[in-house]
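Novice: One structure, as structure tokens, below. Some questions next.
The values are calculated or read from the model by the stated rules, or taken from the named source; none is laboratory data. Not measured: the values here are computed from a predicted model. Because the Cβ atoms are built from the backbone with ideal geometry, glycine has one as well, and the counts that use them run over all protein chains shown. Ligands, DNA and RNA are excluded from the accessible area calculation, which covers all protein heavy atoms including side chains. Shrake-Rupley method; radii C 1.70, N 1.55, O 1.52, S 1.80 Å.
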Amino acid sequence: MQNAKSKCSLIENENGFLDDSIEKDAYIWYEENWQHDDDEHLHQRAQLTFVKEGYQYFHIDNKVYLVPQNHVIWIPSLQKHKITSEAETVKLMVSLFKNIPEDQFYKTTHVFPAPPILKEMIFYAKKWNKETAENHEQEAFMNALLISLPNFCKENTALQIPLPSDLRLLEVCQFININYQNDYSIEELAETSNLSVRSLQRIFKQETGISIKKYAQLIKILKSIELINSNQFTLSEIAYKVGYKSLSAFTSSYQAIMNTKPKISKKNDFIT
């Protein structure tokens, strides 16, 4: 986040745990130009992050979650995570909650688009940015936002990238991530992993829950989301850049993953 020792006004100790000396139940941190680091950390408070501009990758357990513009991610308390991004500009708003409802929703990670009502609530909460003093209005307002979250959640699991634990498969994933624009064969991937084609396909599906073909498609689409977010290219250019031979093939693949057609975003807007 902001530097090696202080993150969202929480102080990082040597074990990556963020000590919390803030008394209030909910604390808001908003940044116009977010500067992140690659350190894994955790904290007692649960975290709701809204991406106003740019995008972020959240690395949690054996998954990587893409959080595009106008999306939110809910991270339970004491959940180790780190964030990365190659976006030129990232504008984030982080809400940190001390007291969490007992509902099962709050115990797992969620990524979903922020509907207009939730965005308005988040933007209104910006008035308490970095304030540490107790505030009765903020306490009531943020509690209402917190309780309403499960009703706003329409999760798209396509934004989750599964990662295998087998080192041989990690090398395959790295190869796909690097060569997503290029044509390659399953035999090349098998050679990379020192496995037979059949063994590679079987073990990969066992470890990730999806096929290698599906993983490669997912990587292409997630890369296309980054390019769409940049507002620098047409959809045809993006289709070519992520390895599709035609716009129609890209559109079909995108719609199969995201359940919507790709669209060049407007300023402060995203795919709807």
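Novice: Going through ALA158, ALA249 one at a time, which residue ends up being in a helix (DSSP H, G or I) and at pLDDT 95 or above?
Specialist: ALA249
Novice: Let me spell it out: the conditions are (1) at pLDDT below 90; (2) surrounded by 13 or more Cβ atoms within 10 Å (Cβ to Cβ); (3) of a type in the set (A, V, I, L, M, F, W, C), and ALA256 meets all of them except one. Which number is the exception?
Specialist: All conditions are met except number (2).
Novice: Here's a follow-up. Tell me yes or no: at least one residue of the range 169-181 is in a loop (DSSP other than H, G, I, E, B), in contact with a strand residue (DSSP E or B) (Cβ under 6 Å, 6 or more places away or on another chain) and of a type outside the set (A, V, I, L, M).
Specialist: No: the range 169-181 contains no residue that is in a loop (DSSP other than H, G, I, E, B), in contact with a strand residue (DSSP E or B) (Cβ under 6 Å, 6 or more places away or on another chain) and of a type outside the set (A, V, I, L, M).
Novice: Residues LEU218, LEU170, LEU222, LEU163: which one is open to solvent by 60 Å² or more (accessible area, probe 1.4 Å) and not hydroxyl-bearing (Ser, Thr, Tyr)?
Specialist: LEU170
Novice: I've got another one for you. Could you say whether any residue in the range 247-257 is under 18 Å from the mean Cα position of the chain (by Cα) and within 19 Å of PHE58 (Cα to Cα)?
Specialist: no
Novice: Answer yes if at least one residue in the range 191-204 is open to solvent by 20 Å² or more (accessible area, probe 1.4 Å) and closer than 29 Å to ALA114 by Cα, and no otherwise.
Specialist: Within the range 191-204, none of the residues are open to solvent by 20 Å² or more (accessible area, probe 1.4 Å) and closer than 29 Å to ALA114 by Cα.
Novice: Within the range 74-128, work out how many residues are open to solvent by less than 40 Å² (accessible area, probe 1.4 Å), at pLDDT 90 or above, of a type in the set (A, V, I, L, M) and over 14 Å from ARG45 (Cα atoms).
Specialist: Residues in the range 74-128 being open to solvent by less than 40 Å² (accessible area, probe 1.4 Å), at pLDDT 90 or above, of a type in the set (A, V, I, L, M) and over 14 Å from ARG45 (Cα atoms): 7 in total.
Novice: When residues of the range 229-259 are filtered for being charged (D, E, K, R) and either in contact with a His (Cβ under 9 Å, 6 or more places away or on another chain) or within 20 Å of TYR184 (Cβ to Cβ) (or both), how many remain?
Specialist: 2
Novice: Of all the residues that make up the range 129-145, how many are in contact with a Phe, Trp or Tyr (Cβ under 6 Å, 6 or more places away or on another chain) and either surrounded by 14 or more Cβ atoms within 10 Å (Cβ to Cβ) or among the hydrophobic types (A, V, I, L, M, F, W, C) (or both)?
Specialist: The number of residues fulfilling the criteria is 1.
Novice: Any residue at all in the range 90-106 that's outside any loop (DSSP other than H, G, I, E, B) and over 17 Å from PHE50 (Cα atoms)?
Specialist: Yes, the range 90-106 contains a residue that is outside any loop (DSSP other than H, G, I, E, B) and over 17 Å from PHE50 (Cα atoms).
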